Amino acid sequence: MDIIVSSISLGILWSVMAIGVYLTFRILDIADMTAEGSFPLGAAITAHQIVSGTNPIVATLLGFLGGCAAGFVSGFLHTKLKIPALLTGILTLTGLYSVNLFVMGKANVSLVGDFKTVLTLLPITDQTVAAIVIGAIVLVVVIFILVFFFNTEMGLAARAVGDNEQMSLANGISTDNMKMVVYMISNGLIALSGSLMAQINGYADSSMGIGTLVIALAAIIIAEVVIHHVSFGVRLLTIIGGAIIYRFIIAAVLWLGVDPNSLRLFYSLMLAVFLSLPLFQKKIKQRERRHQNVLNNSVRKEDQSND
């Protein structure tokens with residue numbers, strides 16, 4: 001039972017990050033490496049502010065804004081300086097490692113003790129349950145705002161840029177500005193996830209962002225494989241389910257006794273499997289169609305011979 005509750009809590013927190021990655025991955029068709037730097041950035045800013053005595057809600061919002069700033073840098077490098085998206089993410093990620101160390105003053109900041117976090121704001125003694133409640137509240141707010149925003153004129157313009165950049169440019173949409181907006185929102189949400197994770201784990205670490213992009217992509221692909229062709233709002237909800245399922249898989253692997261040092265390799269292999277599933281599904285459907293066509297042709301030939 002503890003494993004189930006723990007998996008749900010971590011899945012919910014990861015889903016905030018996965019939704020952020022989804023915005024650049026599916027709307028802009030970019031796998032933004034900045035995620036692995038903005039995640040610990042949100043944790044670093046929040047941890048530093050909490051240790052300094054800042055209200056945990058304010059500290060969490062500052063972590064979110066720090067992620068937006070990181071997204072702005074990546075967006076600027078990609079759109080204004082015309083650096084390829086992959087290199088942009090690597091450049092920002094590399095720079096953020098030093099920024100995170102500068103913010104924290106050291107490689108690790110502990111929040112264990114009398115420090116106030118978002119968990120202490122709730123009258124719940126069980127930290128895992130408190131994490132689920134906090135995560136659920138954040139997700140409701142985030143999904144509501146995103147659905148509202150991406151149905152406004154600016155949000156629709158941003159989605160149009162991802163669908164067809166040349167057509168959007170021909171219709172007078174500032175494609176560079178729209179990309180920068182999506183970059184900022186995406187990395188803000190990723191940093192928000194890192195901020196919440198730091199408060200729940202009780203520490204912020206400069207290396208805690210390693211593998212976050214893989215986790216987020218796995219949650220997105222699982223959601224898309226399980227449920228196809230849904231609206232934007234429903235897709236955000238399915239990503240929550242995808243993150244929880246992914247966390248259940250990891251918990252099951254650890255329960256089976258797999259060496260924790262092999263988890264990174266397992267993450268990569270599992271993501272490769274999930275990314276290839278749509279191709280396998282397509283091939284299966286094509287084979288079924290060919291088989292059905294052969295049956296139909298044989299039936300026609302039998303009917304013609306009988307006539």
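The values are calculated or read from the model by the stated rules, or taken from the named source; none is laboratory data. All of these numbers come straight from a predicted model, not from anything done at the bench. Every residue, glycine among them, receives a Cβ derived from its backbone with ideal geometry; neighbour counts consider all protein chains shown. SASA here: full protein model, heavy atoms, side chains in, ligands and nucleic acids out. Shrake-Rupley method; radii C 1.70, N 1.55, O 1.52, S 1.80 Å.
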Next on the checklist: Stokes-Einstein diffusion coefficient for region 1-76 at 37 °C in a medium of 0.692 mPa s, Rh from the Kirkwood formula over Cα pairs: what value in µm²/s?
Outcome noted: 240
Item to check | At 0.692 mPa s and 37 °C, Stokes diffusion of region 1-149 via Kirkwood alpha-carbon radius, µm² per second | outcome: 197
Checklist outcome for this item: Cross-link reach from K116 to aspartates and glutamates, straight Cα distance under 20 Å and at least 8 residues apart if same chain, gives D126, D205
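Name the helices (complete DSSP H segments) of the chain with a Cα length along the long axis of 30 Å or more and a Kyte-Doolittle mean of at least -1.0, or state none.
Span-like helices here: 56-79, 127-149, 175-201, 232-255, 263-306.
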Checklist outcome for this item: In Å, the Kirkwood hydrodynamic radius from C-alpha pairs for the chain sits at 20.7
Checklist entry - Per residue, what accessible area does region 1-138 have, given a 1.4 Å probe and all protein chains present, in Å²? => result 45
Next on the checklist: If the only charges are +1 at each Lys and Arg Cβ and -1 at each Asp and Glu Cβ, what is the size of the charge dipole of region 60-211 around the Cα centre, to the nearest 20 debye?
Outcome noted: 260
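Using per-residue counts of other Cβ atoms within 10 Å, averaged over each peptide, order 171-179, 128-136 from highest down. Don't jump to the answer; show the numbers that get you there.
Working: 171-179: 16.1, 128-136: 19.7.
Output ranking for 171-179, 128-136: 128-136, 171-179.
Consider all pairwise Cα distances in region 132-210 and report the whole-number % of them above 18 Å.
Details: 1641 of 3081 pairs.
Every Cα pair in region 132-210 considered, those over 18 Å come to 53 percent.
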Checklist outcome for this item: Here region 52-127 gives, from Cα atoms, an Rg and Dmax in Å of 16.5, 50
Checklist entry - Ranked highest first by the average count of other Cβ atoms within 10 Å around their residues, in what order do 195-208, 229-242 fall? => result 195-208, 229-242
Checklist entry - Straight-line reach from K82: which aspartates and glutamates have Cα under 12 Å away, leaving out those fewer than 8 places along the same chain? => result D176
Item to check | Dimensionless Rg ratio for region 209-307, taking C-alpha atoms and the 2.2 N^0.38 Å reference | outcome: 1.63
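Quick one: if the Förster radius is 25 Å, what FRET efficiency do I227 and E288 give, using the C-beta to C-beta distance and rounding to 0.05?
Details: r = 21 Å, r/R0 = 0.82.
FRET efficiency, I227 to E288: 0.75.
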Next on the checklist: Can you compute the equivalent ellipsoid semi-axes for region 103-142, i.e. the square root of 5 times each eigenvalue of the Cα gyration tensor, sorted largest first and rounded to whole Å?
Outcome noted: 23, 15, 8
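Is it possible to state the helix-based mean residue ellipticity at 222 nm for the chain, with each DSSP H run of 4+ residues giving -39500 (n - 2.57), the sum divided by total residues, to the nearest 500 deg cm²/dmol? What is it? Mind dumping the intermediate values first?
Numbers: 11 runs with 232 residues, N = 307.
It comes out at -26000 deg cm²/dmol, rounded to the nearest 500.
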Checklist entry - For region 79-225, what are the per-bin percents of Cα-Cα distances with bins 5 Å wide, up to the bin holding the maximum? => result 2, 7, 12, 16, 17, 17, 13, 8, 5, 2, 1, 0
Item to check | Value of Rg/Rh across region 242-289 [Cα atoms, Kirkwood radius] | outcome: 1.14
Item to check | Rg/Rh ratio calculated on Cα atoms of region 166-248 (Kirkwood radius) | outcome: 1.07
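Rounded to the nearest 0.05, what FRET efficiency do I4 and F148 give with R0 = 35 Å and r taken as the Cβ-Cβ distance? Could you check? It would help to have the intermediate numbers written out before the result.
Working: r = 33 Å, r/R0 = 0.93.
Efficiency, rounded to the nearest 0.05: 0.60.
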Next on the checklist: Can you find, among A47, A70, L23, the residue sitting farthest towards the positive end of the charge dipole of the chain, where Lys and Arg contribute +1 and Asp and Glu -1 at Cβ?
Outcome noted: L23
Item to check | Extended-chain gain in nm, criterion 0.36 nm per residue less alpha-carbon gap, S110 and V253 | outcome: 48.6 nm
Checklist outcome for this item: To the nearest 20 debye, the chain has a Cα-centred charge dipole, built from +1 on Lys and Arg Cβ and -1 on Asp and Glu Cβ, of 480
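Would you work out what percent of the accessible area of the chain, with all protein chains in place, is carbon or sulfur (probe 1.4 Å)? Please report the intermediate quantities before stating the final value.
Numbers: 10140 of 15560 Å².
Carbon-and-sulfur percentage of accessible area, whole number: 65.
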Next on the checklist: Just to confirm my numbers, what's the Cα centroid distance between region 24-89 and region 171-238 in Å?
Outcome noted: 11
